[in-house]
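Take a look at the structure set out below.
The values are calculated or read from the model by the stated rules, or taken from the named source; none is laboratory data. Bear in mind the structure is a predicted one, so any value in this text is a computation, not a measurement. Here the Cβ positions follow ideal geometry from the backbone for every residue, glycine too, while neighbour counts run over all protein chains shown.
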């Protein structure tokens, strides 16, 4: 798995569990190649696959000493043996290696044969090839090696199990030093370099292979299992930085808390980082679950879409006045998160304060199906708990993924044009489709950019929104500037609640830290489109000055009196002192009637006791100072 610049994100073993990574000749330090050819096969470029001079010398040495002193194998013969996994010392094996080597030379170029050696040379254990060895022993690609490192990689394949640095560092060092001596004698390195190389320690432990973006890498592999290389849009340095941030974000917050982060360039639609959990192998946090693609309740993070649609439909403007008061929508009676109400406020403030009543009013005016359709147009996959969309949709009553929520905010940041996010490098990108108008998108971004940052975070006009799902199961923070969009989710992978967890307190600081690790300074938000109406409430057209719902003509005034207790249809007990009643709204003084007969006149108290003659069915009425009235039919027993 390679990042956008070709850097290794993650590698997988081949079917038999060996580490064997693709490598090109140009990817390897030239000094290593020079040392290899000088030590193993000085006439590699000249012989036809078998070096007859070396073979004759090796035979003569064996006859004189009574044992094999040197093998006389060329690199081509070694490649032949590695391809067939043959033996090294038997005469029959040597003859076969010679025959295969000659055939290889007829079919392949010298560089192609050398590349095969770089891919297949054994380095102890399950390591094959110079790239796998360099990553495992040195923790780096073989493109730039020290003389000591290059010499060690030349020496190990001659006897890979007895010269493994992690098991036999002394023998590995001795073999390396012999290669260094040969390099000095052939002027590949000077004496000073050799002296420094001899002092360099042989690595005693194998290093883990890169395993960045493990969740996304698994997805890429599952999508195309036969591909040998996958070129992803991720940025390795950013991915590593955010994986570290994820670990920091959950440290000291219990064993079950989890985090996920997605970063995208909203101009191109490319995902630059994808952190599915704080630890891929963390069982207590269920780190194997990719929380960027898990369906979760978005809480209040869907509200910007509702406001954007309302602006686009001409139902409201950021300066439109809207009521935040107790309201019942049929049988649905939403409340604000803090159980408080602000009265009549600007739409801008309603979104910034994330109030529930105003956004449900707008959703009712739009129709929940409109909101659901917009989510589909944005390319979002969702799951409705009840199967049918209701007004609770605006408050997070739907299952969505973090990646799709980032895709939605990217559409807003892009001026209202939805473009599917992608994580594979590709040539042509599909054209997006318009979700909301450019003016509405800018208005939403301008409102969100006016939110105060978390304590300690810079005041940089990052347009962002937080959310907390019902029962404190999910916390969210999603934000964008003029170029990038980042989404953060925090919660427990198993969906259990985290009491006291809020998006503004938990996820928002991580969002701002993610932007700090992405770049030192935010890209500015775009200017307002020419058609944007930048005026105060008093200068708005009359229909936009105050939001009125579809049923506004049939509703009582916002401050009209209402019988708060006992509610209509209730059954209540008659106390010895009488029936307790309470009025909400209206203007004092109040007059209370029972079945049309005045029982209390001109009282300024909102709570009274009415002396009833007997129990039974009664109709209570209250009239305020302006003549407005309300009634409630109850049964008293």
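Yes or no, residue by residue, for (1) in contact (Cβ under 8 Å) with a residue 12 or more places away in the chain; (2) closer than 18 Å to residue 22 by Cβ; (3) in a loop (DSSP other than H, G, I, E, B):
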residue	(1), (2), (3)
153	yes, yes, no
163	yes, no, yes
174	no, no, no
177	yes, no, no
198	yes, no, no
201	no, no, yes
207	yes, no, yes
219	yes, no, no
- Note on the structure: Exactly one of 301, 292 is outside any loop (DSSP other than H, G, I, E, B) and under 29 Å from residue 220 (Cβ atoms), and that residue is 301
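Could you say which residue among 213, 241 is farther than 30 Å from residue 356 by Cα and outside the structural domain of residue 474 (by TED's automatic domain parsing)?
Values: 241 fails: outside the structural domain of residue 474 (by TED's automatic domain parsing).
One residue alone meets the criteria, 213.
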- Residue check: is residue 527 at pLDDT 95 or above, surrounded by fewer than 11 Cβ atoms within 10 Å (Cβ to Cβ) and not assigned by TED's automatic domain parsing to the domain that holds residue 583? yes
- Item | Subset of segment 499-509 that is touching a strand residue (DSSP E or B) at 6+ places or on another chain (Cβ under 6 Å) and surrounded by fewer than 24 Cβ atoms within 10 Å (Cβ to Cβ) - its residue that is nearest to residue 304 (Cα to Cα) | 504
- Could you tell me which numbered condition residue 99 fails, if it satisfies all but one of (1) surrounded by fewer than 18 Cβ atoms within 10 Å (Cβ to Cβ); (2) in a helix (DSSP H, G or I); (3) at pLDDT 95 or above? (3)
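Being surrounded by 13 or more Cβ atoms within 10 Å (Cβ to Cβ), under 19 Å from the mean Cα position of the chain (by Cα) and assigned to a loop (DSSP other than H, G, I, E, B) is the requirement here; does residue 268 meet it? Before you say what the answer is, go through the steps one by one.
Working: surrounded by 13 or more Cβ atoms within 10 Å (Cβ to Cβ): yes; under 19 Å from the mean Cα position of the chain (by Cα): yes; assigned to a loop (DSSP other than H, G, I, E, B): yes.
Answer is yes for this residue.
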- Query: Checking residue 319 against (1) touching a helix residue (DSSP H, G or I) at 6+ places or on another chain (Cβ under 7 Å); (2) not in a loop (DSSP other than H, G, I, E, B), which single condition isn't satisfied?
  - Reply: (2)
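Within segment 546-567, identify whether any single residue is more than 30 Å from residue 620 (Cβ to Cβ) and over 38 Å from the mean Cα position of the chain (by Cα), and answer yes or no.
Taking segment 546-567 and keeping what is more than 30 Å from residue 620 (Cβ to Cβ), we get 546-547.
Next, from what is left, pick out any that are over 38 Å from the mean Cα position of the chain (by Cα): 546.
The answer is yes; a qualifying residue exists.
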- Task: Can you confirm whether segment 356-375 contains a residue that is free of Cβ contacts under 8 Å to residues at least 60 places away in the same chain, assigned by TED's automatic domain parsing to the domain that holds residue 306 and assigned to a loop (DSSP other than H, G, I, E, B)?
- Result: yes
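In segment 453-470, is there at least one residue being in a helix (DSSP H, G or I) and either at pLDDT below 95 or under 30 Å from residue 331 (Cα atoms) (or both)?
Residues of segment 453-470 that are in a helix (DSSP H, G or I), as a first pass: 470.
With the extra rule that they be either at pLDDT below 95 or under 30 Å from residue 331 (Cα atoms) (or both), the set shrinks to 470.
Checking segment 453-470: at least one residue is in a helix (DSSP H, G or I) and either at pLDDT below 95 or under 30 Å from residue 331 (Cα atoms) (or both).
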- Please name all residue pairs, on different chains or six or more residues apart, with Cβ atoms under 6 Å, provided the first residue is in segment 36-55 and is in the same structural domain as residue 110 (by TED's automatic domain parsing) and the second residue is assigned to a loop (DSSP other than H, G, I, E, B) and surrounded by fewer than 17 Cβ atoms within 10 Å (Cβ to Cβ). 38/186; 51/43
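Taking residue 35 as the residue in question, decide whether it is over 30 Å from residue 222 (Cβ atoms) and at pLDDT 95 or above.
On the way: over 30 Å from residue 222 (Cβ atoms): yes; at pLDDT 95 or above: yes.
The answer is yes for residue 35.
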- Task: Please determine, by comparing only the residues of segment 16-32 that are out of contact with any strand residue (DSSP E or B) (no Cβ under 7 Å at 6 or more places or on another chain) and crowded, with 18+ Cβ neighbours inside 10 Å, which one is farthest from residue 74 (Cα to Cα).
- Result: 21
- Task: Please indicate, with yes or no, whether at least one residue in segment 177-196 is at pLDDT 95 or above, in contact with a strand residue (DSSP E or B) (Cβ under 6 Å, 6 or more places away or on another chain) and farther than 18 Å from residue 402 by Cα.
- Result: no
- Item | Flag for residue 514 being in contact (Cβ under 8 Å) with a residue 12 or more places away in the chain, in a loop (DSSP other than H, G, I, E, B) and touching a helix residue (DSSP H, G or I) at 6+ places or on another chain (Cβ under 7 Å) | no
- In segment 434-452, how many are farther than 21 Å from residue 515 by Cβ, under 23 Å from the mean Cα position of the chain (by Cα) and not in a loop (DSSP other than H, G, I, E, B)? 0
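Looking at 299, 343, which one is on the phi > 0 side of the Ramachandran plot, touching a strand residue (DSSP E or B) at 6+ places or on another chain (Cβ under 8 Å) and surrounded by fewer than 22 Cβ atoms within 10 Å (Cβ to Cβ)? Even if it seems obvious, please write down each step before you answer.
Values: 299 fails: surrounded by fewer than 22 Cβ atoms within 10 Å (Cβ to Cβ).
Answer to the check: 343.
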- Message: For segment 3-26, give me each residue that is outside any loop (DSSP other than H, G, I, E, B) and under 27 Å from the mean Cα position of the chain (by Cα).
- Response: 8, 10
- Query: When residues of segment 417-433 are filtered for being surrounded by fewer than 18 Cβ atoms within 10 Å (Cβ to Cβ) and outside any loop (DSSP other than H, G, I, E, B), how many remain?
  - Reply: 3
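Mind checking which residues of segment 470-491 are more than 18 Å from residue 272 (Cβ to Cβ), surrounded by fewer than 24 Cβ atoms within 10 Å (Cβ to Cβ) and in contact with a strand residue (DSSP E or B) (Cβ under 9 Å, 6 or more places away or on another chain)? Even if it seems obvious, please write down each step before you answer.
Let us first name the residues in segment 470-491 that are more than 18 Å from residue 272 (Cβ to Cβ), namely 470-476, 490-491.
Keeping just the survivors that are surrounded by fewer than 24 Cβ atoms within 10 Å (Cβ to Cβ) gives 470-473.
Selection gives 472, 473.
With respect to residue 314, is the statement that it is in the same structural domain as residue 409 (by TED's automatic domain parsing), touching a residue at least 24 places away in the same chain (Cβ under 8 Å), farther than 17 Å from residue 397 by Cβ and under 14 Å from the mean Cα position of the chain (by Cα) true?
On the way: in the same structural domain as residue 409 (by TED's automatic domain parsing): yes; touching a residue at least 24 places away in the same chain (Cβ under 8 Å): yes; farther than 17 Å from residue 397 by Cβ: yes; under 14 Å from the mean Cα position of the chain (by Cα): no.
So residue 314 fails the test.
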